[in-house]
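The structure appears below as structure tokens.
The values are calculated or read from the model by the stated rules, or taken from the named source; none is laboratory data. If you're wondering where the values come from, they're calculated on a predicted model, not measured in any experiment. As a convention, Cβ positions derive from the backbone with ideal geometry for all residues, glycine included, and neighbour counts pool all protein chains shown.
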Amino acid sequence: MGRLKNIFTTRWGIIGVGGLIGVLAALLQKLGNPGNMGICVACFERDIAGAIGIHRAAVVQYMRPEIIGFVMGSLVAAYIFKEFRPRTGSAPIVRFVLGVFAMIGSLVFLGCPWRAMLRLAAGDGNAIFALLGLIGGIWIGTLFLKSGYNLGRVQKTYVSAGWLLPLTMLGFLVLMLIFPHIEGQGKSGVLFYSLKGPGAMHASLIISLAVGLAIGFIAQRSRFCTMGAFRDLILFRQVHLLSGVIALVITAFIVNLIVGQFHPGFASQPVAHTMQIWNFGGMVLSGLAFSLAGGCPGRQLFLAGEGDGDAAIFVLGMIVGAGFAHNFGLASSPKGVGPHGIAAVIIGLTVCLFIGFTMRKRIS
Amino acid sequence: MSIIVDAGGLSCPQPVLMTLNKIKEIKKGEIIVKVDTDTSKENVSRAAKSQGWEIADVQENEGGYQLTIKKE
């Protein structure tokens, strides 16, 4: 599979992958996913946190099959191409904490980098401030990287350890099949479901799962990463990953135009607020956290699928972070930032700076 | 005797940063870079080529890959 193996890592490979993600994400909205949220890794992990009751925000509870598909699609690709390498031990607790604050920052903005791109592609001007924040956060991260920041080496581990997050995701899927949503009911067995709001808006299980699997597969092959796109540009003047992200925005924009989902403006955008300082600030926090952890929320899922236990810990950190975000009133809503959202961003930035400044070591 | 950059167990961008630092330091010659994932192998190769270095050899071993990069 030598030739096939490298197709996705070429310039046109990554552009094709980004472009396809843009098309699929925009179509998922048409098929039922929330506005400008065809795929939002942070929002969907937050919905999963709601589905299993880690938070009880009634409007954001749904076991998003896209997330399950991302991990399982990556796992399948990693096995087919012999890239499943179970590994862990590179400062897991730090990765957990970074995951928590990455989620909190995303929920102050109301979207992760993936959704920032999709919001932009649908005409939501607020996303411009978020993207500037994302780039700013990543830029701070690159300063730490240049001065020796790293979380240390991983170690090989048991194959079964690499399987733990994929198995957790499979377990979530099984729960969803055992306890499907019952019309008009907010709970089915152990799972919570939203009756209104973004959590009640979703494409069918089979479509969401199929799209998730497809994206998980091609993203594992191409190493698609929305944080790495900007990091590599700042750090190495490389546009490889960025070309994939730009392709995503362009194709999502085109599909949005075709299906009538393009609505330029700032006010009344779906699941968005107009407090620009905090759209910016939330994403500075997220961008920095993703940068310090070495991958955007999507990339962390794909890495977890190929056996990276530290990425799996980051994912769990994000899911728990969603619990903090909603239980503590940190998450924003269309009305604006939550009562303690601003404090959380400041604390989060302080924690990330603490991590960045204190975990620097020249590796010989 | 080649210069060795041991980036085994480190995730990107560390292998690339370490390789580029070494490239800046020695300007030309031969460097052996040890990495443990396909992603790191690709990223180091891409970065080395962008600096005008060639990938002289790639060997797969149990722990990952050993890349030999060269500039005359």
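Among the residues of the stretch B:5-40, just one is of a type in the set (Lys, Arg) and out of contact with any strand residue (DSSP E or B) (no Cβ under 8 Å at 6 or more places or on another chain), namely B:24.
In the stretch A:338-349 there is at least one residue matching the filter, namely being more than 13 Å from chain B (Cβ to nearest Cβ), assigned to a loop (DSSP other than H, G, I, E, B) and within 19 Å of residue A:37 (Cβ to Cβ).
Is it true that residue A:175 is modelled with pLDDT of 95 or more, touching a Leu at 6+ places or on another chain (Cβ under 7 Å) and away from chain B (no Cβ under 14 Å)? Answer is yes for this residue. Checking each residue in the stretch A:299-332 for being closer than 21 Å to residue A:150 by Cα and either more than 14 Å from every other protein chain (Cβ to nearest Cβ) or of a type in the set (Ser, Thr, Tyr) (or both) picks out A:301, A:315, A:316, A:317, A:318.
Here the condition is being touching a helix residue (DSSP H, G or I) at 6+ places or on another chain (Cβ under 6 Å) and either in a loop (DSSP other than H, G, I, E, B) or surrounded by fewer than 17 Cβ atoms within 10 Å (Cβ to Cβ) (or both); of A:161, A:127, it holds for A:161 alone.
Would it be correct to say that residue A:227 is part of a helix (DSSP H, G or I), away from chain B (no Cβ under 13 Å), within 19 Å of the chain's Cα centre (by Cα) and buried (at least 24 other Cβ atoms within 10 Å of the Cβ)? It is false that residue A:227 is part of a helix (DSSP H, G or I), away from chain B (no Cβ under 13 Å), within 19 Å of the chain's Cα centre (by Cα) and buried (at least 24 other Cβ atoms within 10 Å of the Cβ).
The residues of the stretch A:188-205 that are of a type in the set (A, V, I, L, M, F, W, C) and either in a helix (DSSP H, G or I) or out of contact with any helix residue (DSSP H, G or I) (no Cβ under 8 Å at 6 or more places or on another chain) (or both), listed by number, are A:195, A:200, A:201, A:205.
Pairs are defined by a Cβ separation below 8 Å, a sequence spacing of at least 6 or placement on different chains, a first member in the stretch A:72-93 that is in contact (Cβ under 8 Å) with a residue 12 or more places away in the chain and facing another protein chain (nearest Cβ under 9 Å), and a second member that is surrounded by fewer than 17 Cβ atoms within 10 Å (Cβ to Cβ) and in a helix (DSSP H, G or I); the pairs so defined are A:81/A:5. Selection of the stretch B:4-31 for residues being within 27 Å of residue A:310 (Cα to Cα) and β-branched (Val, Ile, Thr) yields B:4, B:5, B:16, B:19. If you go through the stretch B:42-52 and keep only what is crowded, with 22+ Cβ neighbours inside 10 Å and more than 10 Å from every other protein chain (Cβ to nearest Cβ), you end up with B:44, B:48.
Only one of the listed residues (A:315, A:337) is in contact (Cβ under 8 Å) with a residue 40 or more places away in the chain and more than 14 Å from the chain's Cα centre (by Cα). That residue is A:337. Would you please name the residue that is surrounded by the fewest Cβ atoms within 10 Å (Cβ to Cβ), looking only at residues in the stretch A:256-303 that are in a helix (DSSP H, G or I), among the small types (Gly, Ala, Ser) and under 17 Å from the mean Cα position of the chain (by Cα)? For the stretch A:256-303, the residue satisfying everything is A:298.
Sort out which residues of the stretch B:1-33 are touching a Gly at 6+ places or on another chain (Cβ under 8 Å), crowded, with 23+ Cβ neighbours inside 10 Å and either of a type in the set (Asp, Glu) or away from chain A (no Cβ under 11 Å) (or both), and write them in order of number. Listed by number, the list is empty, since nothing qualifies.
Within the stretch A:80-96, the presence of at least one residue that is over 20 Å from residue A:295 (Cβ atoms) and part of a loop (DSSP other than H, G, I, E, B) is confirmed. Does residue A:253 fit the bill of being in a loop (DSSP other than H, G, I, E, B) and touching a helix residue (DSSP H, G or I) at 6+ places or on another chain (Cβ under 6 Å)? Here the answer is no, as residue A:253 does not meet what is asked. When each of A:141, A:123 is tested for being within 14 Å of another protein chain (Cβ to nearest Cβ) and not β-branched (Val, Ile, Thr), the lone residue that passes is A:141.
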